[in-house]
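Presented below is the structure to which this report refers.
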Amino acid sequence: MDIRAEDFETEFARHPLARAYVLAGSEPLQVVEAADAVRRRARDEGFDERDVLHAEPGFDWAQLATAGANQSLFAARRIVELHLPDKGPGKPGSAAIADFLKQDAPDTLLLIVAPGLAASARKSAWYKAVARAGVVSYAWPLPASRMVAWIERRAGTHDLALTREAAQLLATQNEGNLLAAAQEIDRLALLYPDTTVDHAEVAAAASDHARFDIFDLPAKALDGDTAGAVKSLYRLRAEGVDAVPITWALVNDLRTLYQAALAARANRLDAFMNKIFMPVPRKRQISRAARAADPARLACLLRQAARADAINKGAAPGRAWDELITLTIALSGRTPGAQTSQPSFATTRSP
């Protein structure tokens with residue numbers, strides 16, 4: 001079964017828990033929330049153990065078969081959670097996933113999560129096998145034409161009543177940025193409980209709000225505003241924002257910038273940018289940065305971001321917020337070290 005990301009919550013509730021899921025895409029909010037929904041329901045249905053695997057370079061795909069075959073002394077049912085890179089699992093991984101799905105293991109649920117998947121990966125045999133055995137859901141960037149409906153549904157789940165004009169203004173303010181829109185809905189629900197929010201109140205809230213949202217951070221870094229980017233990072237930390245969606249936002253922009261830089265070297269930058277859905281000012285920013293960027297350096301930053309992601313997931317030692325500040329400074333074009341007077345997060349409190 002293939003479910004559109006924005007319909008996942010509704011469709012997921014209507015069907016029994018599937019044996020396997022692929023949740024991927026370029027909208028981190030939708031991927032993260034869909035994966036959380038699967039984990040919560042699986043726990044409610046007795047899947048009390050969870051094995052997490054990260055298919056990084058050099059990964060031994062025999063671990064997937066082992067995870068599915070092992071029986072725990074403490075839990076009769078388990079989730080095997082597999083995190084993939086955007087290129088997919090490759091031939092060995094594709095075969096391992098297909099073999100896993102052939103097993104008669106009703107007490108094992110396979111959850112595959114990826115920040116994005118190349119078109120070739122989505123057309124491959126393993127992806128189709130999961131679609132036959134379970135559910136695949138790919139989170140594409142939400143078109144502007146569906147942004148208002150998404151905002152209205154999201155507001156409804158937070159007991160927030162919006163006029164159509166208010167929802168349209170929110171869509172305009174946050175076009176292509178679901179994380180920012182979700183944060184704004186959360187804030188409006190706190191500011192205006194038990195009332196209907198209109199256009200004027202949304203406009204007033206936006207003008208009064210210092211916007212240190214998640215997507216301000218990579219935007220400032222790409223503009224070379226090291227101090228501003230670091231300030232945004234510290235503000236997000238102070239507001240209690242989790243490191244995971246921040247890392248996703250940085251990785252998403254890094255990946256887009258890397259692909260754009262490669263396209264620029266091949267004189268295909270305009271064609272590449274025309275295929276991407278994002279606000280025009282952001283396209284201009286990415287294009288400017290891509291023409292000046294060194295793809296080899298961006299590849300190094302992507303590896304650095306992968307380490308931050310591993311730390312977030314507990315798969316590597318380290319301090320997630322210290323990795324984020326290092327990555328933020330590097331993305332802004334500076335060499336981490338003496339460029340900022342901000343202290344390490346380690347001097348405040350550990351993640």
Under a plain spin-label model, where a point goes 7 Å from the Cα along Cα-to-Cβ, how far apart in nm are residue 165 and residue 225? 3.1
Give me the compactness ratio for the stretch 252-295, meaning the Cα radius of gyration over 2.2 N^0.38 Å. 0.97
Residue by residue through the stretch 240-248, which ³J(HN,Hα) values in whole Hz follow from phi under the Karplus form 6.51 cos²θ - 1.76 cosθ + 1.60 (θ = phi - 60°), with glycine and proline marked x? x, 6, 5, 5, 4, x, 5, 4, 4
Nitroxide proxy distance, nm - points 7 Å out along Cα→Cβ at residue 294 and residue 238: 3.5
Residues whose built amide H sits under 5 Å from the amide H of residue 27, excluding neighbours closer than 5 in sequence, are 139
Go through the stretch 82-95 residue by residue and turn each phi into a ³J(HN,Hα) via Karplus (6.51, -1.76, 1.60, θ = phi - 60°); whole Hz please, and just put x for glycine and proline. 10, 9, 10, x, 5, 7, x, x, x, 5, x, x, 4, 5
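Tell me whether the stretch 47-161 comes out rounded, prolate or oblate; compute the Cα gyration tensor, take square roots of the eigenvalues as a ≥ b ≥ c, and use a/c under 1.5 as the rounded threshold.
Numbers: a/c = 2.47, a/b = 1.51, b/c = 1.64.
Oblate, because a/c is 1.5 or more while a/b does not exceed b/c.
Using the heavy atoms of the protein chains alone and a 1.4 angstrom probe, what is the accessible area of the chain per residue in square angstrom? If you can, show how the numbers build up before the last one.
On the way: 16850 Å² over 351 residues.
That works out to 48 Å² per residue.
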Go through 41, 319 and list them by solvent-accessible area, largest first, probe radius 1.4 Å. 319, 41
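Residues with beta-carbon under 15 Å from that of residue 97, excluding residue 97: net charge, scoring Lys, Arg +1 and Asp, Glu -1? Mind showing how you got there, number by number?
On the way: positive: 19, 87, 91, 102, 122, 123, 128, 132; negative: 51, 60, 81, 99.
My count for the surroundings of residue 97 gives +4.
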Looking at the stretch 85-132, which trypsin sites (Lys or Arg not before Pro) are DSSP coil and have at most 14 other C-beta atoms within 10 Å of their C-beta? 87, 123
Counting only chymotrypsin sites (Phe, Trp or Tyr not before Pro) that are in a DSSP loop and have at most 13 other C-beta atoms within 10 Å, tell me the longest site-free stretch of the chain. 75-276
Once amide H atoms are built 1.01 Å from N in the peptide plane, which residues 5 or more positions from residue 54, or in another chain, come under 5 Å H to H? 83
Percent of accessible area on the chain owned by carbon and sulfur, 1.4 Å probe? 52
Given Cβ point charges of +1 (Lys, Arg) and -1 (Asp, Glu) and nothing else, what value in debye, to the nearest 20, does the dipole of the chain about its Cα centre take? 1320
Roughly how many whole Å is it from the C-alpha centroid of the stretch 41-56 to that of the stretch 166-199? 33
If every Lys and Arg gets +1 and every Asp and Glu gets -1 at its Cβ, then about the Cα centre the stretch 10-134 yields a dipole, in debye to the nearest 20, of 420
Report the residue, chosen from 296, 131, 227, that carries the largest GNM mean-square fluctuation when the chain is represented by alpha-carbon nodes joined by springs under 10 Å. 296
From phi via Karplus (6.51, -1.76, 1.60), per-residue ³J(HN,Hα) for the stretch 249-260 in Hz, x at Gly/Pro: 4, 5, 5, 4, 5, 4, 5, 5, 5, 4, 5, 5
Spelling it out for residue 112: with amide H atoms placed in the peptide plane at 1.01 Å from N, the residues 5 or more places away or on another chain with amide H under 5 Å from its amide H are 21, 22, 23, 82
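The values are calculated or read from the model by the stated rules, or taken from the named source; none is laboratory data. What you see is a predicted model; the values in this text were computed from it and never measured. As a convention, Cβ positions derive from the backbone with ideal geometry for all residues, glycine included, and neighbour counts pool all protein chains shown. With ligands, DNA and RNA removed, areas are computed over all heavy atoms of the protein, side chains included. Shrake-Rupley method; radii C 1.70, N 1.55, O 1.52, S 1.80 Å.
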